[in-house]
């Protein structure tokens, strides 16, 4: 679980650094409904796995769900090849995007003059 949170944080930092929060928000909003259906199916079937007599059936159903996820939309390998050849699709940011109009430049955080006591180090 901790790894997933770190991965989500890394995506947010990269999006902030590149200034692509609106694109990230639009892509997530576009994918959220389909993701919710798959997540709900996994949670419901996984919940049945806690019943000892139903556990083998729940395990088989989870395997079936993961196979369906891999084969859906033309298969994972064809989609991966499409991503490599065409790149990430450009999505117009939505009106409710996360952009504040500000960009983040971590190099300016530690530049001389921005840290208290280093104003004298700045060369005009």
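Protection proxy ranking for 29-38, 2-11, 61-70, using the average of other Cβ atoms within 10 Å per residue and placing the highest first: 61-70, 29-38, 2-11. For region 19-85, the square roots of the Cα gyration tensor eigenvalues, ordered a ≥ b ≥ c, give a/c of at least 1.5 with a/b no greater than b/c, which places it in the oblate category. Extension gain for the segment residue 64 to residue 50, taken as residue separation times 0.36 nm less the Cα-Cα distance, is 3.2 nm to one decimal. If you plug the beta carbon distance of residue 4 and residue 71 into 1/(1 + (r/R0)^6) with R0 = 25 Å, you get a FRET efficiency near 0.55. In terms of its C-alpha gyration tensor, region 1-51 comes out oblate, because a/c is 1.5 or above while a/b does not outweigh b/c.
Taken together, the values in this text are just the output of simple stated rules run on the coordinates, not laboratory data. Note that the coordinates shown come from a computational prediction; the quantities given were computed from them, not determined experimentally. Because the Cβ atoms are built from the backbone with ideal geometry, glycine has one as well, and the counts that use them run over all protein chains shown.
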